[in-house]
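Chemist: Right, I'll just put the structure down here and ask away after.
The values are calculated or read from the model by the stated rules, or taken from the named source; none is laboratory data. Note that the structure is predicted; figures quoted are calculated from it, not measured. Heads up, the Cβs are rebuilt from the backbone with ideal geometry, glycines too, and the neighbour counts pull from every protein chain shown. These accessible areas exclude ligands, DNA and RNA; they are computed on the full protein's heavy atoms, side chains included. Shrake-Rupley method; radii C 1.70, N 1.55, O 1.52, S 1.80 Å.
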Amino acid sequence: MRPTYRQLIDAQPHRAAVRDIGALFGAEVVDVGSRHVVLSLVSWSRRIDAFVRMLEPWGIIEVARSGVVAMLRSPVSGAEADAVAAPEAAGGTADAAALPPG
């Protein structure tokens with residue numbers, strides 16, 4: 001069932017509030033529809049928990065969390081890139097300086 005014009009107008013303040021909360025937390029608006037807003041937030045776990053709590057009054061339907069992800073920093077090309085990408089093959093270990101801060 002398609003929403004009426006009046007329903008779309010009435011939903012605007014709620015959509016704006018969700019968008020404003022997202023902006024406060026640095027979330028990206030991924031999709032907006034007549035009945036939904038999809039936001040993406042990449043941050044620390046406690047900050048995401050606070051973000052979800054702030055959005056609860058607007059009826060969160062679904063939350064997907066990926067958890068912690070770690071990736072090595074490595075040069076784009078050259079022999080050094082191969083050694084960092086596969087330290088076991090190069091006969092060494094990964095350099096801790098190549099890891100992100102945290």
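Chemist: How many nm separate the modelled label positions at residue 41 and residue 58, each set 7 Å beyond the Cα in the direction of the Cβ?
Modeler: 1.0 nm
Chemist: Return the distance in nm (one decimal) between the two label points of a simple spin-label model at residue 6 and residue 50, each offset 7 Å from Cα along Cα→Cβ.
Modeler: Distance between the two pseudo-spin positions: 4.1 nm.
Chemist: Add +1 for every Lys or Arg and -1 for every Asp or Glu among the other residues with Cβ under 15 Å from the Cβ of residue 67, and state the total.
Modeler: Net local charge, residue 67 excluded: +2.
Chemist: Classify the stretch 1-58 as rounded, prolate or oblate, taking a ≥ b ≥ c as the square roots of the eigenvalues of its Cα gyration tensor: rounded when a/c is under 1.5, otherwise prolate if a/b is larger than b/c and oblate if not.
Modeler: Note, shape of the stretch 1-58 comes out prolate.
Chemist: Arrange the residues 2, 35, 65 by how much accessible surface each exposes, largest first, with a 1.4 angstrom probe. Don't skip to the answer; put the middle values down first.
Modeler: Working: 2 210, 35 150, 65 120 Å².
Of 2, 35, 65, the descending order of accessible area is 2, 35, 65.
Chemist: What net charge is computed for the residues neighbouring residue 11, neighbours being all others with C-beta under 14 Å from the C-beta of residue 11, Lys and Arg scored +1, Asp and Glu -1?
Modeler: +4
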